[in-house]
Amino acid sequence: DAKTTQPNSMESNEEEPVHLPCNHSTISGTDYIHWYRQLPSQGPEYVIHGLTSNVNNRMASLAIAEDRKSSTLILHRATLRDAAVYYCILRDSGAQKLVFGQGTRLTINP
Amino acid sequence: DAMVIQNPRYQVTQFGKPVTLSCSQTLNHNVMYWYQQKSSQAPKLLFHYYDKDFNNEADTPDNFQSRRPNTSFCFLDIRSPGLGDAAMYLCATSRVGRGETQYFGPGTRLLVL
């Protein structure tokens, strides 16, 4: 399974943008880049995913490097409810599964 | 609302006493997953069903079994729980496809006494 590398933790302030980086230098051509987050005491929830082009949805934006070896999840205006562990995951190209790395624990300061 | 439901949210069992955790879904997804998440760790996939086809992860202990009697329900059976099996157990579903997202339930926290 292709692996991802994320910082263990990050901290930001409320109402400021947050950029969460992810390195995936061994990504294959058919791997999708998925982001999930897990709020305290809850199951993970889907945030966004992409293949090659940048993606936007109501929760976040995903910026994918041209060589696809890295990506950045962008929260445009963080709120206290965005405090969570954010997982960058490469969707296994041969099966249906997700392989979670350690993720980034995001703290939002009021 | 369509969702993934896990009951109970908390389950207490005794060392060595078989326990079953349940998951149901109203999304009509054909793939269902079971993950184990220990404290301060990432979720770890135990196995998944693609329709009725069971796919076990290579490092999932034999102590863990699963059943999927129909599209909506999936069960996790722990035959002889040890103290090390205390964890959050997460059920998830998805449609088929590499880009498809997974929808997670709230999890069942298992305590082994």
Q: Could you state, as a whole-number percent, how many of the C-alpha pairs of segment A:1-44 are farther apart than 11 Å?
A: 76 percent
Q.
Using C-alpha positions alone, give me the convex hull volume of chain B per residue in cubic angstrom.
A. 102 Å³
Q.
Given R₀ = 22 Å, what would the calculated FRET efficiency be for B:Asp53 paired with A:Ser28, taking r from the Cβ atoms and rounding to 0.05?
A. 0.40
Q) Ranked from highest to lowest mean number of other Cβ atoms within 10 Å per residue, what is the order of the peptides A:83-89, B:40-46? A) A:83-89, B:40-46
**Q.** HN-Hα J in Hz across segment B:37-42 - Karplus 6.51, -1.76, 1.60, θ = phi - 60°, x for Gly and Pro
**A.** 10, 8, 3, 6, 10, 7
Q.
How long are the semi-axes of the equivalent ellipsoid of segment B:49-113, defined as square roots of 5 times the Cα gyration tensor eigenvalues? Whole Å, largest first.
A. 23, 14, 12
Q: Using label points projected 7 Å from each Cα along Cα→Cβ, tell me how many nm separate A:Glu11 and B:Val96, to one decimal.
A: 4.9 nm
Q.
Please compute the modelled spin-label separation between A:Asn56 and A:His76, points set 7 Å along Cα→Cβ, answer in nm with one decimal.
A. 0.6 nm
Q: Specify whether the C-alpha gyration tensor of segment A:30-110 places it in the rounded, prolate or oblate class, a ≥ b ≥ c being the square roots of the eigenvalues: rounded for a/c under 1.5, otherwise prolate if a/b is larger than b/c and oblate if not.
A: oblate
Q) Per residue of A:99-108, how many C-beta atoms from partner chains lie within 10 Å of its own C-beta, taken as a mean? A) 2
Q | Whole-Hz ³J(HN,Hα) from phi, Karplus 6.51 cos²θ - 1.76 cosθ + 1.60, for segment A:9-18, glycine and proline x | A | 8, 9, 9, 8, 9, 4, 6, 9, x, 10
Q: Return the sequence-ordered ³J(HN,Hα) values of segment B:24-36 in whole Hz as given by the Karplus equation 6.51 cos²θ - 1.76 cosθ + 1.60 applied to θ = phi - 60°, using x for Gly and Pro.
A: 9, 9, 10, 8, 6, 7, 8, 10, 10, 10, 10, 10, 10
Q) After finding the eigenvalues of the alpha carbon gyration tensor for segment B:42-83, what semi-axes result from the square roots of 5 times each, listed largest first in whole Å? A) 19, 13, 9
**Q.** Over the protein assembly as shown, equivalent-ellipsoid semi-axes from the Cα gyration tensor in Å
**A.** 30, 20, 16
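None of the figures in this text is laboratory data; all of them are computed from the coordinates on show. The structure presented is a predicted model; accordingly, all values stated were derived computationally and were not measured. Counting neighbours? That spans all protein chains shown, and the Cβs are built from the backbone with ideal geometry, glycine included.
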